[in-house]
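These notes concern the structure reproduced below.
What follows draws every value from the coordinates through simple rules; no lab data is involved. Nothing here was measured: the structure is a model prediction, and the numbers come from that model. Neighbour counts run over all protein chains shown; Cβ positions are idealised from the backbone, glycine included.
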Protein chains: 2
Amino acid sequence: MSELTGNNLIGNQAASNGETYQAINPQTGSSIGPDFYSATEQDIDSAFQKAQEASEAYRSLAPEARAEFLEAIAEEIGALGDALLERANEETALPMPRLTGERGRTVGQIRMFAQIVREGSWVEASIDTAIPDREPLPKPDVRRMLIPLGPVAVFGASNFPLAFSVAGGDTASALAAGCPVVVKAHPAHPGTSEFVGQAIVKAAQRTGMPEGVFSLVHGPSPKVGEAMVKHPHCQAVAFTGSLGGGRALFDLASQRPNPIPVYAEMGSINPVFFLPGALAENAGSLAEGILGSVTLGVGQFCTNPGLIVGLEDGGFPELVEALGPAFKGAACGTMLHAGIQKAYEASLKTVQSVSGVEVIGQSEQAAESDKTQVQAVGLSTDAKTFLENSQLSDEVFGPSTLAVRCQSKEEILQIASNLEGHLTATIHGTEADLEEFKDLIAVLETKVGRLLIGGFPTGVEVCASMQHGGPYPAASDSRSTSVGGAAITRFARPIAYQNFPASQLPAELQDDNPRGIWRLVDGERTR
Amino acid sequence: MSELTGNNLIGNQAASNGETYQAINPQTGSSIGPDFYSATEQDIDSAFQKAQEASEAYRSLAPEARAEFLEAIAEEIGALGDALLERANEETALPMPRLTGERGRTVGQIRMFAQIVREGSWVEASIDTAIPDREPLPKPDVRRMLIPLGPVAVFGASNFPLAFSVAGGDTASALAAGCPVVVKAHPAHPGTSEFVGQAIVKAAQRTGMPEGVFSLVHGPSPKVGEAMVKHPHCQAVAFTGSLGGGRALFDLASQRPNPIPVYAEMGSINPVFFLPGALAENAGSLAEGILGSVTLGVGQFCTNPGLIVGLEDGGFPELVEALGPAFKGAACGTMLHAGIQKAYEASLKTVQSVSGVEVIGQSEQAAESDKTQVQAVGLSTDAKTFLENSQLSDEVFGPSTLAVRCQSKEEILQIASNLEGHLTATIHGTEADLEEFKDLIAVLETKVGRLLIGGFPTGVEVCASMQHGGPYPAASDSRSTSVGGAAITRFARPIAYQNFPASQLPAELQDDNPRGIWRLVDGERTR
């Protein structure tokens, strides 16, 4: 069994040069050992120097070798056993069944990327063969495919200590694309991060990867992340977290002498629209469904539905009324860390201070602040108040939602049109509702990355067709997804080879297609 | 036959509110009528308001309607006849045969995008069907495709008055993707721009497009472009031009409250490496080839080879020697406008002021400055001087190249490793050369968007496999191309539809695939 050291993992070297800090158990407020060493500027420089040195060897590996590395990571995470989950539970207060599920998702998506690399068509190979006798000019032979960008900085998220952290979707997709990765551990779960980091280092050594393909750095100070994003060898950034944090990294990356892409998945209020037909059919189960989605994981999901909208005379007041006792009966929950707890309480205060906003229900159980607990809170207002107070559109990260009662379809459309970018929007409607509200669907398409009919936005399926992103501020780059197979293309760019002799072409672009991948050849898709 | 009015074309309305300016014939230095009205802030606001209003109707059109609009544009440009080419010749001094060819390329690429839209697979449709009884959780039905970003600001380039201007590749690909376009005419060829703008307006009216799908604004002041990029309805920017201009737009776009993507294709010196075997076989024709590529279009191509590199003892000095008389015999050429002429002369002065740089040959013909003429200039230095003087790596936009003599393969690799991002790099080498310099290929792959073996980088084939872009500063977004079919995806983003009833799904994602497009269905590529 591995033990925690508190070290930064700079390639295969441990680094313990900086100041130290400890994790805190949010359920008790007490520190947990060991001491973790913040990465110094020199540690970060070493990590990116090693990543850069590893870059050429790593991207040149046969896809099979890269796939085996990914699968070895999944195995080594499994081999950590319950110690990983127990540490994660101590550091995040997330319950063991949730963490068990999250580990399953994490190794599942690593294996999915291994399969994508092995299959190989993700490089979008395209071949236009020469026409030497074309008039007035000969047509050259041009062949195009995606190649990796180079070293990537990944920032672990607080709310998914496994699936969006050290070996989460960002790391897995960047490694799959052929990019070395330097991860910044989230300071709320450094022990969980080190365990997973050790697993990756072990997998890299076991499968003969070049040193520097992976590094893990620690540190509660924003300076650590800043130094990563500004490092000349850093070629892309992936982040999941707050709007403030993501925007700061985006700004730093954009102001570099050579700007680099930033994939920041940030805030979202994930509006849910309840149309009259659906409410007439299902009011009871819908109230239960909302409460479940709002309070899942103490509301700490980026897909948490923070806004629900319906018509005054379309059964919505009854739904809101049913939510009152539901919220009152909701248990308090321990949040990930005190910072999130304070932010939740401050955001709630801002919302409640708006005249015209009322509480429809709130956990009757008292929240024990020293256990980092918070209450679930349901709020309500009318469309006019909502539209006149822009602060009501800000994300409240936690187990709360705001019900907005509209007088008319026009008010619903106005709310939809005024939305900023979000990860998701959901409509509950019968076929007849949807026909009547076709224009609502059209407006929401321009606002979100994922549009649901029925159900709730929490729970993000990891599959080829998933889109987890959306117009700003849901994400800094709406053209990308941070969940699902398509996430791999974030870390690659196209290159064209013109008039290359067969001997120098990458396998993906050779005439006889030795990789057996899907390609566009002279306009025809073929394998 | 159309006549020039000097008006901004704001949707279907003419706007003549601002200050006026005139085009200048670079061959004479004299102004040409009519007066062109600079767009006011209100004109720009109107253009984007109309674009936004047109957005929903335009993106909802059947692909066939969009394809017919594009084809109508191609027809209307053809219908402008020689008046278009004559005006372009007056405004740019580019010769008629070149302009005739450029018109052919322009309408050819518009028709290519029409075909791409009609065929439809560019939307990257992907379907994961539901598994309702999956344990522990049911799998939802998730379907994903690309949808248009919304209104796009396009900046016409000075050096391609047709193919990279009002109806150039950026406009064609944005309209093809389903985005309304507001074009900023390049102030060096406003008349050419208005002619083409009129053609687009006519095509839009003839095919029943929503008003605002296209607008054209004029103005020599940077304020016009700034107002476009900062407009809240602007969702993406496409630009071809200088590093300074492109970076300024990128910075503005990144600093918006909601940042938007900028596709700026900027400077490039397009290094050409001459390896010993190739020189032994072909020295004579290679010298001719370089001169032709360097002086083509008075050197005013972003793919102009501004740097040539070879070994002291590998036949390179002989090549450089042969270039001396070649440059001496090269005719002077009229540049696009006085600004480019002055910049060329200033850049040359900077290069020539570096100790260790010598002129190997220069047009013997005197340049007539009032005809905006410049001389072709060949320069030479050694690797040490080149590596020690970073200003020698800056683009000199015009008919000039710098030959760098290396003592060793290591020096060649050092030069390659020190390169910033470029659109292209070229290697002249035999099979044996390429085996020996495999590491040069590997380094160059990380530096450019297109890598050629043999030939010259000028001349960019418009095809599916073309990549015209590259790492910064060649382009602001190395993940995109501004030439070829893949350019369409720059103006789209993915959206996922979850558990949508068949009646509400876009045609591209319906079960029976009524569009007959290629899709990824439960992991299988199928049509």
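Just to check I understand the Karplus step: with θ = phi - 60° and J = 6.51 cos²θ - 1.76 cosθ + 1.60, what whole-Hz values come out for region A:358-373, glycine and proline as x?
Each residue's phi maps through the Karplus curve to give 10, 7, 9, x, 7, 2, 6, 5, 6, 7, 8, 5, 6, 9, 6, 8 Hz.
Taking other Cβ within 10 Å of each residue's Cβ, how do B:D141, B:D128 sort, fewest first?
Least to most surrounded, the residues fall as B:D141, B:D128.
Please list, in order along region A:163-176, the HN-Hα scalar couplings obtained from phi with the Karplus expression 6.51 cos²θ - 1.76 cosθ + 1.60 (θ = phi - 60°), rounded to whole Hz, x for Gly and Pro.
Karplus values, whole Hz, x for Gly and Pro: 6, 10, 10, 4, 10, x, x, 5, 4, 4, 6, 5, 4, 4.
How would region B:117-240 be classified by its alpha-carbon gyration tensor: rounded, prolate or oblate, with rounded meaning a/c under 1.5 and the a/b versus b/c comparison settling the rest?
Numbers: a/c = 3.12, a/b = 2.36, b/c = 1.32.
Judged from the Cα gyration tensor, region B:117-240 comes out prolate (a/c at least 1.5, a/b above b/c).
Residue farthest toward the positive end of the dipole of region A:196-287, with Cβ of Lys/Arg at +1 and Asp/Glu at -1: which of A:G212, A:C234, A:P257?
So the residue furthest toward the plus end is A:G212.
Amide H of A:F155 versus every other amide H placed in the peptide plane: which residues, excluding those fewer than 5 positions away on the same chain, fall under 5 Å?
Sorted by chain and number, the residues that satisfy this are A:K184, A:A238, A:F239, A:T240.
Taking Cα centroids, how far is region B:38-106 from region B:492-517 in Å?
So the separation of the two Cα centres works out to 31 Å.
Using the Karplus curve 6.51 cos²θ - 1.76 cosθ + 1.60 with θ = phi - 60°, work out ³J(HN,Hα) for each residue of region A:292-301 in order, rounded to whole Hz, and write x for Gly and Pro.
Residue by residue, region A:292-301 yields x, 5, 5, 9, 4, x, 6, x, 9, 10 Hz.
Which cross-chain or sequence-distant (5 or more) residues have an amide H under 5 Å from the amide H of A:I308, H modelled 1.01 Å from N in plane?
Distant-sequence amide H within range of A:I308: A:V272, A:L402, A:A403, A:V404.
Counting only other chains, what is the mean number of Cβ atoms within 10 angstrom of the Cβ of each residue in peptide A:497-506? Show your work: numbers first, answer last.
Working: counts 8, 15, 6, 7, 6, 1, 4, 9, 1, 1.
Going residue by residue through A:497-506 and averaging, the value is 6.
Label chain A by shape, choosing from rounded, prolate and oblate, from the square roots a ≥ b ≥ c of the eigenvalues of the Cα gyration tensor; if a/c is under 1.5 it is rounded, and otherwise prolate applies when a/b is larger than b/c, oblate when it is not.
Working: a/c = 2.21, a/b = 1.33, b/c = 1.66.
Because a/c hits 1.5 or more and a/b fails to exceed b/c, chain A counts as oblate.
Take the Cβ-Cβ distance between A:K139 and B:Q352 as r, set R0 to 56 Å, and report the resulting FRET efficiency rounded to the nearest 0.05.
0.90
Across chain A, where is the longest run that never hits GluC sites (Glu not before Pro) in a DSSP loop with at most 16 other C-beta atoms within 10 Å? Can you show the working numbers first?
Details: sites that count: A:E3, A:E19, A:E312, A:E364, A:E368.
The answer is A:20-311.
When the helices in chain A are scored as -39500 (n - 2.57) per DSSP H run of 4 or longer and the sum is shared across all residues, what 222 nm value do you end up with, to the nearest 500 deg cm²/dmol?
Values: 15 runs with 198 residues, N = 527.
Helix contribution divided over all residues of chain A: -12000 deg cm²/dmol.
For A:G361, what residues show an amide H to amide H distance below 5 Å, using hydrogens built from the backbone and excluding near sequence neighbours?
A:G378
Roughly how tilted is helix A:316-329, in degrees to the nearest 10 and between 0 and 90, from the longest Cα axis of chain A?
Orientation of helix A:316-329: about 80 degrees from the principal axis.
Straight distance only, please: which aspartates and glutamates reach the Cα of B:K223 with their own Cα at less than 17 Å, same-chain residues fewer than 8 apart left out?
Here the aspartates and glutamates satisfying the reach criterion relative to B:K223 are B:E19, B:E41, B:D43, B:D45, B:D251.
Averaged across the residues of B:306-317, what count of C-beta atoms belonging to other chains lies within 10 Å of each residue's C-beta?
On the way: counts 0, 0, 0, 0, 0, 0, 0, 0, 0, 0, 0, 0.
Across B:306-317, the average partner-chain Cβ count within 10 Å equals 0.
Here are some pairs, A:K50/B:K230; A:K230/B:K230; A:K349/B:K50; which of them have Cα atoms lying more than 31 Å apart in this structure?
Numbers: A:K50/B:K230 40 Å; A:K230/B:K230 26 Å; A:K349/B:K50 40 Å.
Over 31 Å apart, Cα to Cα: A:K50/B:K230; A:K349/B:K50.
Given labels modelled 7 Å from the Cα in the Cβ direction, how far is it in nm from A:A83 to A:Q42?
For A:A83 paired with A:Q42, the spin-label model returns 3.0 nm.
How crowded by other chains is A:445-455, given as the mean number of beta carbons from other chains within 10 Å of each beta carbon? Intermediate results must be reported in sequence, preceding the final value.
Values: counts 7, 9, 1, 2, 5, 7, 7, 7, 8, 5, 4.
What the average comes to for A:445-455 is 6.
Given a cut-off of 17 Å, what percent of all Cα-Cα pairs of region B:185-298 lie beyond it? Let's see the in-between values first.
Numbers: 4538 of 6441 pairs.
Every Cα pair in region B:185-298 considered, those over 17 Å come to 70 percent.
If contacts are Cα pairs under 8 angstrom and at least 6 residues apart, what is the relative contact order of chain A in percent?
Working: 1228 pairs, mean separation 91.6, N = 527.
About 17 percent, as a whole number.
For the protein assembly as shown, what does the alpha-carbon gyration tensor say about shape, rounded, prolate or oblate, given a ≥ b ≥ c as the root eigenvalues, a/c under 1.5 as rounded, and a/b over b/c as prolate? Walk me through the numbers on the way to the answer.
Details: a/c = 2.03, a/b = 1.38, b/c = 1.47.
Because a/c hits 1.5 or more and a/b fails to exceed b/c, the protein assembly as shown counts as oblate.
Sum up the charges of everything whose Cβ sits under 15 Å from the Cβ of A:S221, counting Lys and Arg as +1 and Asp and Glu as -1, but leave A:S221 out. Write out the running numbers ahead of the final one.
Values: positive: A:K184, A:K223, A:K230; negative: A:E19, A:E41, A:D43, A:E226.
Value of the local net charge: -1.
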